[in-house]
Amino acid sequence: MPDNQEARDAVGDYKSGWNDSENSTIRFDFGLSEEVVREISKLKEEPDWMTEMRVKAYKHFIERPMPNWGNTSALSGIDFDAICYYLRSSEATENDWDDVPEEIRNTFDRLGIPEAEQKWLSGVTAQYESEAVYHSIREDLEEQGVIFLDMDSGLREYPELVKKWFCSVVPLTDNKFSALNTAVWSGGSFIYVPKGVHVEMPVQAYFRINAKNMGQFERTLIIADEGSSIHYVEGCTAPSYSTDSLHSAVVELIAMPGAHIRYSTVQNWSSNVYNLVTKRGIAHENAKIEWVDGNIGSKLTMKYPSVILKGEGSHAEVISVAYSGDGQHQDAGAKIHHLASNTTSKILSKSISKNGGRGTYRGLVTVSPKAENCKLNVVCDALILDEESRSDTYPTMEVANPTARCEHEASVSKVSDDQLFYLMSRGHSEMEALAMIVNGFFEPFTRELPMEYAVELNQLMALEMEGSIG
Amino acid sequence: MSVASDQPDALMEIVDLHVGIDGTSILKGIDLRILPGEVHAIMGRNGSGKTTAANVIMGHPDYEVEQGDVLLDGESLLDEDPWERARQGVFLSFQYPQAVPGLQVGNFLRKSVASIRGEESAKGAAFRNELNEAMDQLNIPRSFLSRYVNDGFSGGEKKRFEILQMMLLKPKLAILDETDSGLDIDGIKTVAAGVNTAVRGTESGALIITHYSRILEHVKPDMVHVLIGGKIVTSGGPELATQLEENGYDWVEKVSAAEEVA
């Protein structure tokens, strides 16, 4: 029997909420201006086209109004002048953990990254504040021509590839936060998988914000060439501070004909982090893109992983779970555009809210007039654990071709006393019983994660369930 | 400790139990003593308070105990939470087992055994053998383990799963709330065999709640109690079940009314 007292002692503890003392080597003043944008680019010794792209994006960010939908009151709480847009804590990106500054290495040790790397990963990149501090890839993959770099190194070493694909899926003017990311991006991953290469074990990126009032703007670009496959996993945590931080990433995926990209995220940001992320992929003929997206932490998340089904026979899947506790709002969902015939998509969204938390499913699926015989399947389930909590569903389908087959199911349920009593009668405390129900509810999601992640997620949820019973 | 010192120590004892829910009285003074190795049966019509009795012994939070006590091995259970009662050896086979989508049967069984019998009992080959043996005895296929707890189970599957849990959790006191209803004769025999294995010749006991005498033919209870309107109106040996089956509850009501007058 797990010791209940031990579990109870952890009540309310955000597991990853410690912080290191800040030892920055370069730290920008708070606030954003064209000068700051140019400084970041200069510091990174970037080609001119990138500098100009950043400046253009910055201008769009300034002009673009804040979204007038979603949780506008929470969004209006973001103070763009109180954010540090660039902070470097380590001189270089190392490929040996021993060379990473000790304090930072300890952080990743506590998060279990080096251990996971040895056991079950093909490659790892670890980002701390604005820059990657560690990066490595298995030699055999490198020999097969797989490129797995942090985005800055990617731009330095493969400028042509980056120039070709950067902003090709998420255009510069896509939305206010993606424009901000394009202006001040730093870190993230750059991946190219050559034709026919299958990367069997996942590669992982881990993003850690340590400093207060920090903005983290990583940029990820993954290109899977014809018939190749890759599974990319990312995790995110930050210390708990009373002031807010901003995480605004952009991820672009390109799946060439017959390629398969799976992108799994478990974000567990502390509850002072705004998590406003744009994730989008393009699937060419018979390609497959899957987003497996877990949102556990953050103050406000707005994230709708998207797939553009551009090639005939391509397939998209977005499986997401969201957990919203006290003071949290998870506004998540999916967007899929069927542009070609015989394309299929599946959206499964599961959300849990408790202690006044708020979960929103926001989904859009479109079928263009020329796309024949498409199949769409949308399932969204919400589980509400108490009277104070809230769940909203905004599913939209715009189908312009009559041959499409659409399925949509939605359910909202509550945990019943009889269900809890049944489990308690089998020797499980009320908290354990609730965790069993919640983990069961999330099971269709955790099943899709690598086992190590699934176990971690279940433990995380068990901790979150602590204290949720009066 | 039992009330009178000349009696053997009871495994479970119910003393003058009054129970209500939402202000309505359901049980109006019940007394019952089950000794180690004994099987008792409670029979009664729908609404007589049978399921309430089962739920109260297990600790359902909705019921209010107005008076009286429930003791296991001489210690009161009433202040204990349901999971503590389970860990002390009380088991309830539910009339309507609850579904938990996403919770795998195999996983759930292992966790429950770990919780009630200790981590060591839920590990390794010994546990697997025990599990396989119990499933074979109940004609449950191995594929059952990867299904979700009671999710999409037929009535018969739910009941078999309750008995499987009983066999693995090895309770001191097993309460079977209408486990026989909805089962065919083979199912009833299987359940009865499970109860006999769990109780006969052991220090454990069982309380079978039922409408019908059929299961009792296979278990042969030591005592049969008839519950009407929240009270035990008469108790007797196994023959009472047969008489009830032949004459109906009206007969018991008449007999007990006559006894009261006399």
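The values are calculated or read from the model by the stated rules, or taken from the named source; none is laboratory data. Just so we're clear, the structure is a prediction, and the values are computed from it rather than from any experiment. Don't worry about glycine lacking a Cβ; one is built from the backbone with ideal geometry, like all the others, and counts go over all protein chains shown.
Details
Results for (1) of a type in the set (K, R); (2) within 29 Å of the chain's Cα centre (by Cα); (3) in a helix (DSSP H, G or I), shown as yes or no for each residue.
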| residue | (1), (2), (3) |
| --- | --- |
| A:N401 | no, no, no |
| A:C406 | no, yes, no |
| A:S413 | no, yes, no |
| A:L423 | no, no, yes |
| A:M436 | no, yes, yes |
| A:F445 | no, yes, yes |
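- Qualifying residue in the range A:168-188 (condition: assigned by TED's automatic domain parsing to the domain that holds A:P239, assigned to a loop (DSSP other than H, G, I, E, B) and without any contact (Cβ under 8 Å) to a residue 60 or more places away in the chain): yes
- Which listed residue, of A:S413, A:S425, is in contact with a strand residue (DSSP E or B) (Cβ under 6 Å, 6 or more places away or on another chain) and crowded, with 22+ Cβ neighbours inside 10 Å: A:S425
Residues are listed down the side, and each one gets a yes or a no for (1) modelled with pLDDT of 95 or more; (2) in contact with a Lys or Arg (Cβ under 9 Å, 6 or more places away or on another chain); (3) within 20 Å of A:P450 (Cα to Cα):
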{"residue": "A:E290", "(1), (2), (3)": "yes, yes, yes"}
{"residue": "A:D293", "(1), (2), (3)": "no, yes, yes"}
{"residue": "A:S298", "(1), (2), (3)": "no, no, no"}
{"residue": "A:H315", "(1), (2), (3)": "yes, yes, no"}
{"residue": "A:V321", "(1), (2), (3)": "no, yes, yes"}
{"residue": "A:A340", "(1), (2), (3)": "yes, yes, no"}
{"residue": "A:L364", "(1), (2), (3)": "yes, yes, no"}
{"residue": "A:A371", "(1), (2), (3)": "yes, no, no"}
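- Note on the range A:428-441: among residues that are hydrophobic (A, V, I, L, M, F, W, C) and facing another protein chain (nearest Cβ under 7 Å), the one that is surrounded by the fewest Cβ atoms within 10 Å (Cβ to Cβ) is A:F441.
- Members of the range B:158-181 that are of a type in the set (A, V, I, L, M, F, W, C) and under 22 Å from B:Y148 (Cβ atoms): B:F161, B:I163, B:L164, B:M166, B:M167, B:L168, B:L169
- Given (1) buried (at least 21 other Cβ atoms within 10 Å of the Cβ); (2) at positive phi; (3) not small (G, A, S), index of the condition B:D73 fails: (1)
- Residue count, the range B:49-62 (criterion: within 11 Å of chain A (Cβ to nearest Cβ) and assigned to a loop (DSSP other than H, G, I, E, B)): 4
- If you go through the range B:118-140 and pick out every residue that is within 14 Å of another protein chain (Cβ to nearest Cβ), in a helix (DSSP H, G or I) and surrounded by fewer than 17 Cβ atoms within 10 Å (Cβ to Cβ), you end up with 2.
- Scanning the range B:66-84 for residues that are facing chain A (nearest Cβ under 8 Å) and either part of a loop (DSSP other than H, G, I, E, B) or in contact with a strand residue (DSSP E or B) (Cβ under 9 Å, 6 or more places away or on another chain) (or both) turns up B:D81, B:P82.
- Within the range B:146-159, tally of residues that are in a loop (DSSP other than H, G, I, E, B) and either in contact with a Ser or Thr (Cβ under 7 Å, 6 or more places away or on another chain) or away from every other protein chain (no Cβ under 14 Å) (or both): 1
- Residue that is among the hydroxyl-bearing types (S, T, Y), surrounded by 21 or more Cβ atoms within 10 Å (Cβ to Cβ) and part of a helix (DSSP H, G or I), where the choices are B:S115, B:S143: B:S115
- Note on the range A:37-123: enclosed helices (runs of 4 or more DSSP H) holding 2 or more residues that are more than 24 Å from A:S21 (Cα to Cα) and of a type outside the set (S, T, Y) are A:48-63, A:72-75, A:113-120.
- Output for the range B:57-101, where each listed residue is of a type in the set (G, A, S) and more than 22 Å from B:E162 (Cβ to Cβ): B:G68, B:G74, B:S76
Yes or no, residue by residue, for (1) surrounded by fewer than 19 Cβ atoms within 10 Å (Cβ to Cβ); (2) within 14 Å of another protein chain (Cβ to nearest Cβ):
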{"site": "A:T344", "(1), (2)": "no, no"}
{"site": "A:E372", "(1), (2)": "yes, no"}
{"site": "A:L376", "(1), (2)": "no, no"}
{"site": "A:Y394", "(1), (2)": "yes, no"}
{"site": "A:E407", "(1), (2)": "yes, no"}
{"site": "A:D418", "(1), (2)": "yes, yes"}
{"site": "A:E452", "(1), (2)": "yes, no"}
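- Scope the range B:241-252; condition free of Cβ contacts under 8 Å to residues at least 60 places away in the same chain and either within 16 Å of B:I42 (Cβ to Cβ) or polar (S, T, N, Q) (or both); matching residues: B:T242, B:Q243, B:E245, B:N247, B:V252
- The single condition among (1) more than 21 Å from A:D244 (Cβ to Cβ); (2) in contact with a Pro (Cβ under 8 Å, 6 or more places away or on another chain) that A:W18 does not satisfy is (1).
- Unique residue being of a type in the set (G, A, S) and free of Cβ contacts under 8 Å to residues at least 12 places away in the same chain when the list is B:A86, B:A126, B:A41, B:A53: B:A126
- Test for B:Y63: is it surrounded by 14 or more Cβ atoms within 10 Å (Cβ to Cβ) and within 23 Å of B:H211 (Cα to Cα): yes
- Residue-level check: of (1) β-branched (V, I, T); (2) touching a strand residue (DSSP E or B) at 6+ places or on another chain (Cβ under 7 Å); (3) part of a loop (DSSP other than H, G, I, E, B), A:V251 misses just (3).
- Looking across A:S229, A:S264, A:S270, one residue alone is farther than 22 Å from A:S89 by Cβ and at pLDDT below 95. It is A:S264.
- Residue that is surrounded by the most Cβ atoms within 10 Å (Cβ to Cβ), among those in the range A:215-248 that are touching a Phe, Trp or Tyr at 6+ places or on another chain (Cβ under 9 Å), of a type outside the set (G, A, S) and not in a strand (DSSP E or B): A:E218
- For the range B:18-25, the criterion of a residue being touching a Phe, Trp or Tyr at 6+ places or on another chain (Cβ under 7 Å), crowded, with 20+ Cβ neighbours inside 10 Å, among the hydrophobic types (A, V, I, L, M, F, W, C) and not in a loop (DSSP other than H, G, I, E, B) is satisfied by at least one position.
- Contact map, the range A:283-300: residues that are not assigned by TED's automatic domain parsing to the domain that holds A:S264 paired with residues that are in a strand (DSSP E or B) and surrounded by fewer than 24 Cβ atoms within 10 Å (Cβ to Cβ), Cβ distance under 9 Å, separation 6+ or inter-chain. No pairs are found.
- Number of positions in the range B:85-106 that are assigned to a helix (DSSP H, G or I), more than 7 Å from every other protein chain (Cβ to nearest Cβ) and either at pLDDT below 95 or buried (at least 21 other Cβ atoms within 10 Å of the Cβ) (or both): 2
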